[in-house]
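Visitor: First, the structure itself, so that you have it in front of you.
The values are calculated or read from the model by the stated rules, or taken from the named source; none is laboratory data. Since the structure is predicted, the reported quantities are computational estimates derived from the model, not experimental observations. Glycine gets a Cβ as well: all are built from the backbone with ideal geometry, and neighbour counts include every protein chain shown.
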Amino acid sequence: MVIQRIRIAWTGRGRGAAEATVRGRLPDAFPLPDSDGSGEVLVHDIWMREADGYVPSEEFRAHSDLAEVDWLSLKREPSGAIRVERRPVWAAYPVIRRTIYLGTLATGQSARHRANFRLSGYSMTWTYHDWAVNIAHEAPQSTMFLGRRYSFERDDRVSLYGKPSRR
């Protein structure tokens, strides 16, 4: 299983239309780093932060067990397919205190999940996050998420600024 999570983060300074246009042009898929393919789950995490000019920083980890991915619940079904659920993001708006079923992937299938959050943490200022999560139940290939047609997609993005969503 291969997972690529792309996280974009900005502050209140980045809320304007010009800044939103910049974020809208950022990629929602990247080539995978080289890997020997070992591990049951490969996770490619990419951050693009306003504070860094949205220059990508990345981390690539191999996990030997599905349960090691702490922000997703991955469970192997008797058929060999993998059930994928997103765990709650506790300190975020919108407040969702339950796991969200994203789908069950048979071998060769893929999915994309989109979500966004507003976080305050211990400060009084908001930080905004937009996620694109690409998941494939297959062996890793460098360009596997670039221009891909997914078996299914789920978009859970909402208006983070208190306005009705325009989707």
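Visitor: Of all residues in the stretch 46-72, count the ones that are of a type in the set (D, E, K, R) and part of a strand (DSSP E or B). Spell out how you get there, then give the answer.
Guide: So the first thing to find is which residues in the stretch 46-72 are of a type in the set (D, E, K, R), and the list is 49-50, 52, 58-59, 61, 65, 68, 70.
From what's left, part of a strand (DSSP E or B): 49, 58-59, 61.
Number of matching residues: 4.
Visitor: Further question on the same structure: Filter the stretch 30-87 down to the residues that are out of contact with any Gly (no Cβ under 7 Å at 6 or more places or on another chain) and of a type in the set (Gly, Ala, Ser) and list them by number. Outline the logic, then answer.
Guide: Pass one, the stretch 30-87, residues out of contact with any Gly (no Cβ under 7 Å at 6 or more places or on another chain): 30-49, 51-61, 65-83, 85-87.
35, 37, 38, 39, 51, 53, 57, 67, 73, 79, 80, 81 - these are the residues of the stretch 30-87 that are out of contact with any Gly (no Cβ under 7 Å at 6 or more places or on another chain) and of a type in the set (Gly, Ala, Ser).
Visitor: Do the conditions hold for residue 18, that is, is it part of a helix (DSSP H, G or I), of a type in the set (A, V, I, L, M), surrounded by fewer than 14 Cβ atoms within 10 Å (Cβ to Cβ) and touching a strand residue (DSSP E or B) at 6+ places or on another chain (Cβ under 9 Å)? It would help to see each step written out before you state the result.
Guide: Values: part of a helix (DSSP H, G or I): yes; of a type in the set (A, V, I, L, M): yes; surrounded by fewer than 14 Cβ atoms within 10 Å (Cβ to Cβ): yes; touching a strand residue (DSSP E or B) at 6+ places or on another chain (Cβ under 9 Å): no.
No: the conditions fail for residue 18.
Visitor: Moving on to the next point. Identify the single condition in (1) under 20 Å from residue 45 (Cα atoms); (2) modelled with pLDDT of 95 or more that residue 89 does not satisfy, given that it satisfies every other one.
Guide: Of (1) under 20 Å from residue 45 (Cα atoms); (2) modelled with pLDDT of 95 or more, only one is false for residue 89: (2).
Visitor: Another question, if that's okay. Among what's in the stretch 26-45 and is outside any loop (DSSP other than H, G, I, E, B) and of a type outside the set (A, V, I, L, M), pick the residue that is surrounded by the fewest Cβ atoms within 10 Å (Cβ to Cβ).
Guide: Taking the stretch 26-45 first, the residues outside any loop (DSSP other than H, G, I, E, B) are 41-45.
If we keep only those that are of a type outside the set (A, V, I, L, M) too, we end up with 44-45.
Values: 44: 21, 45: 15.
Here the residue is 45.
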